[in-house]
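Contents: one structure, followed by commentary.
The values are calculated or read from the model by the stated rules, or taken from the named source; none is laboratory data. All values reported here derive from a predicted model rather than from experimental measurement. Virtual Cβ from ideal backbone geometry, glycine too; neighbours counted across all protein chains shown.
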Amino acid sequence: METEYEVIIIGGSYAGLSAAMALGRSLRKTLIIDSGKPCNSPTPQSHNFITHDGKAPAEIANIAQEQVLKYPTVAFYNGLATHASSITKRL
Ligand SMILES: Cc1cc2nc3c(=O)[nH]c(=O)nc-3n(C[C@H](O)[C@H](O)[C@H](O)COP(=O)(O)OP(=O)(O)OC[C@H]3O[C@@H](n4cnc5c(N)ncnc54)[C@H](O)[C@@H]3O)c2cc1C
């Protein structure tokens, strides 16, 4: 696994995946770290999201993950981020 990324996104559900898609398409080397515990996990069906009405939340997330990970600039890591620090690096 690579260890250098331009962006690390903590949380790989809808918000994190959406951000990763925009970044990956902009050729930013992006890592998503996700612990697999979305807030909507208790609900069997999702509503008010046009074209996805009635789908299970996990199904929507799986489709999103599949689409985002088609971009070679984006990587996904299953795990819990427990620490973060900043590194100043001149490009
Ligand atoms: C019961 C319920 C029903 C809902 N029904 C609907 C609906 O029908 N229609 C609708 O439009 N919206 C619905 N919502 C709202 C919708 O689910 C949320 O708006 C949406 O899930 C928010 O997405 P998110 O990516 O911000 O957060 P989440 O989906 O909660 O994802 C956060 C992710 O970050 C990960 N994470 C957090 N901390 C860390 C860490 N330190 N390291 C690694 N990973 C981490 C978690 O494991 C999780 O996967 C519902 C919400 C709930 C609770």
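Quick notes on this one:
- Only one entry of His52, His47, His83 meets the criterion of being touching a Ser or Thr at 6+ places or on another chain (Cβ under 7 Å) and without any contact (Cβ under 8 Å) to a residue 40 or more places away in the chain, and that entry is His52.
- As a summary of the residue check, Lys29 satisfies the conditions (1) surrounded by fewer than 18 Cβ atoms within 10 Å (Cβ to Cβ); (2) within 9 Å of the ligand (Cβ to nearest atom); (3) within 28 Å of His83 (Cβ to Cβ) except for the one numbered (2).
- Residue-level check: of (1) more than 6 Å from the ligand (Cβ to nearest atom); (2) of a type outside the set (D, E, K, R); (3) at negative phi; (4) modelled with pLDDT of 95 or more, Thr3 misses just (4).
Residues checked against (1) within 6 Å of the ligand (Cβ to nearest atom); (2) of a type in the set (Asp, Glu); (3) in contact with a strand residue (DSSP E or B) (Cβ under 9 Å, 6 or more places away or on another chain):
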| residue | (1), (2), (3) |
| --- | --- |
| Ser13 | yes, no, yes |
| Cys39 | yes, no, no |
| Thr43 | yes, no, no |
| Ala81 | yes, no, yes |
| Ser86 | no, no, no |
